[in-house]
1. Please calculate how many Å² of accessible area region 51-113 carries per residue, with a 1.4 Å probe and no DNA, RNA or ligand atoms counted.
2. Taking the Cβ of residue 94 as the center, what net charge do the other residues with Cβ under 15 Å away carry, scoring Lys and Arg +1 and Asp and Glu -1?
3. Multiplying the sequence separation of residue 58 and residue 92 by 0.36 nm and subtracting their Cα-Cα distance, what value in nm do you get?
4. Using the beta-carbon distance between residue 78 and residue 44 and R0 = 25 Å, what value does 1/(1 + (r/R0)^6) give for FRET efficiency, to the nearest 0.05?
5. Express in % the proportion of alpha carbon pairs of region 26-113 at distances exceeding 22 Å.
6. Where Lys and Arg each count +1 and Asp and Glu each count -1, what net charge lies around residue 40 among other residues with Cβ under 14 Å from its Cβ?
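The values are calculated or read from the model by the stated rules, or taken from the named source; none is laboratory data. These numbers come from a predicted model, not from an experiment. As a convention, Cβ positions derive from the backbone with ideal geometry for all residues, glycine included, and neighbour counts pool all protein chains shown. Quick note on the areas: whole protein, heavy atoms, side chains included, nothing else; ligands and nucleic acids left out. Shrake-Rupley method; radii C 1.70, N 1.55, O 1.52, S 1.80 Å.
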Amino acid sequence: MSKHDLSDAANPVIAANKTDAVATAPTLSTNSYWQKTQRLTLGLLLVWFVMTFGTIFFARELDRFHLFGWPVSFYLAAQGIMLLYLLIVVLYTVIMGRLERRLHPDIEQTHGE
(Lines give C-alpha, C1' and ligand atoms only; values in the text may rest on other atoms or scores of the structure.)
Protein backbone atom coordinates (compact mmCIF):
# COMPACT_ATOMS: atom_id res chain seq x y z
CA MET A 1 0.00 0.00 0.00
CA SER A 2 1.19 3.47 -0.70
CA LYS A 3 0.84 6.39 1.66
CA HIS A 4 -2.07 7.65 -0.48
CA ASP A 5 -4.00 4.43 0.12
CA LEU A 6 -3.55 4.68 3.88
CA SER A 7 -4.70 8.28 4.07
CA ASP A 8 -7.75 7.56 1.90
CA ALA A 9 -8.71 4.54 4.01
CA ALA A 10 -8.42 6.59 7.19
CA ASN A 11 -10.77 9.25 5.84
CA PRO A 12 -14.28 7.74 5.60
CA VAL A 13 -15.58 10.54 3.35
CA ILE A 14 -12.96 9.86 0.67
CA ALA A 15 -13.42 6.09 1.00
CA ALA A 16 -17.21 6.45 0.63
CA ASN A 17 -16.85 8.73 -2.39
CA LYS A 18 -14.53 6.25 -4.10
CA THR A 19 -16.93 3.35 -3.64
CA ASP A 20 -19.92 5.44 -4.73
CA ALA A 21 -18.09 6.57 -7.88
CA VAL A 22 -17.23 2.99 -8.79
CA ALA A 23 -20.75 1.76 -8.06
CA THR A 24 -22.51 4.47 -10.09
CA ALA A 25 -20.13 4.56 -13.09
CA PRO A 26 -21.83 3.14 -16.19
CA THR A 27 -20.02 0.04 -17.37
CA LEU A 28 -19.68 -1.28 -20.89
CA SER A 29 -20.14 -4.79 -22.14
CA THR A 30 -17.27 -6.28 -24.09
CA ASN A 31 -19.28 -6.22 -27.34
CA SER A 32 -20.23 -2.58 -26.86
CA TYR A 33 -16.61 -1.72 -26.08
CA TRP A 34 -15.35 -3.32 -29.30
CA GLN A 35 -18.08 -1.69 -31.38
CA LYS A 36 -17.16 1.73 -30.00
CA THR A 37 -13.46 1.01 -30.54
CA GLN A 38 -14.04 -0.03 -34.14
CA ARG A 39 -16.22 3.02 -34.86
CA LEU A 40 -13.64 5.35 -33.35
CA THR A 41 -10.78 3.74 -35.27
CA LEU A 42 -12.65 3.79 -38.58
CA GLY A 43 -13.77 7.40 -38.05
CA LEU A 44 -10.25 8.61 -37.29
CA LEU A 45 -8.83 6.63 -40.21
CA LEU A 46 -11.41 8.24 -42.48
CA VAL A 47 -10.39 11.72 -41.27
CA TRP A 48 -6.73 10.78 -41.80
CA PHE A 49 -7.35 9.48 -45.33
CA VAL A 50 -9.58 12.36 -46.46
CA MET A 51 -7.20 15.05 -45.20
CA THR A 52 -4.07 13.34 -46.55
CA PHE A 53 -5.59 12.48 -49.92
CA GLY A 54 -7.44 15.81 -50.18
CA THR A 55 -4.29 17.84 -49.59
CA ILE A 56 -2.45 15.98 -52.33
CA PHE A 57 -5.32 15.69 -54.81
CA PHE A 58 -6.50 19.30 -54.50
CA ALA A 59 -3.05 20.91 -54.13
CA ARG A 60 -3.39 23.05 -57.28
CA GLU A 61 -6.83 24.31 -56.29
CA LEU A 62 -5.62 25.08 -52.77
CA ASP A 63 -2.71 27.14 -54.16
CA ARG A 64 -5.14 29.99 -54.86
CA PHE A 65 -5.65 30.53 -51.14
CA HIS A 66 -2.91 31.91 -48.91
CA LEU A 67 -2.45 31.55 -45.18
CA PHE A 68 0.28 33.61 -43.47
CA GLY A 69 1.80 34.38 -46.87
CA TRP A 70 2.07 30.75 -47.96
CA PRO A 71 -0.26 28.73 -50.21
CA VAL A 72 -2.69 26.63 -48.18
CA SER A 73 -1.49 23.42 -49.87
CA PHE A 74 2.08 24.10 -48.74
CA TYR A 75 0.95 24.98 -45.22
CA LEU A 76 -1.17 21.82 -44.93
CA ALA A 77 1.56 19.59 -46.33
CA ALA A 78 4.33 21.11 -44.21
CA GLN A 79 2.62 21.70 -40.88
CA GLY A 80 -1.15 21.44 -40.87
CA ILE A 81 -1.33 17.73 -41.60
CA MET A 82 1.24 16.96 -38.90
CA LEU A 83 -0.88 18.85 -36.39
CA LEU A 84 -3.93 16.91 -37.55
CA TYR A 85 -2.07 13.62 -37.07
CA LEU A 86 -1.11 14.70 -33.56
CA LEU A 87 -4.73 15.63 -32.85
CA ILE A 88 -5.89 12.21 -34.09
CA VAL A 89 -3.46 10.46 -31.72
CA VAL A 90 -4.52 12.64 -28.77
CA LEU A 91 -8.22 12.08 -29.47
CA TYR A 92 -7.71 8.34 -29.76
CA THR A 93 -5.77 8.22 -26.49
CA VAL A 94 -8.29 10.27 -24.52
CA ILE A 95 -11.38 8.49 -25.85
CA MET A 96 -9.86 5.02 -25.44
CA GLY A 97 -8.83 5.88 -21.88
CA ARG A 98 -12.43 6.78 -21.08
CA LEU A 99 -13.71 3.59 -22.69
CA GLU A 100 -11.19 1.51 -20.75
CA ARG A 101 -12.26 3.10 -17.46
CA ARG A 102 -15.91 2.35 -18.28
CA LEU A 103 -15.07 -1.24 -19.21
CA HIS A 104 -13.02 -1.84 -16.05
CA PRO A 105 -14.33 0.53 -13.35
CA ASP A 106 -12.97 -1.69 -10.56
CA ILE A 107 -9.34 -1.23 -11.60
CA GLU A 108 -7.76 1.80 -9.93
CA GLN A 109 -5.97 4.05 -12.40
CA THR A 110 -2.51 4.94 -11.07
CA HIS A 111 -0.10 7.02 -13.09
CA GLY A 112 3.47 7.70 -12.06
CA GLU A 113 3.48 5.53 -8.93
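1. Numbers: 5000 Å² over 63 residues.
Per residue, region 51-113 has 79 Å² of solvent-accessible surface.
2. Working: positive: 36, 98, 101, 102; negative: 100.
It works out to a net charge of +3.
3. 9.5 nm
4. Details: r = 22 Å, r/R0 = 0.88.
Efficiency for this residue pair is about 0.70.
5. Values: 1787 of 3828 pairs.
In whole percent, the share of Cα-Cα pairs in region 26-113 beyond 22 Å is 47.
6. Details: positive: 36, 39, 98, 102; negative: 100.
So the surrounding residues net to +3.
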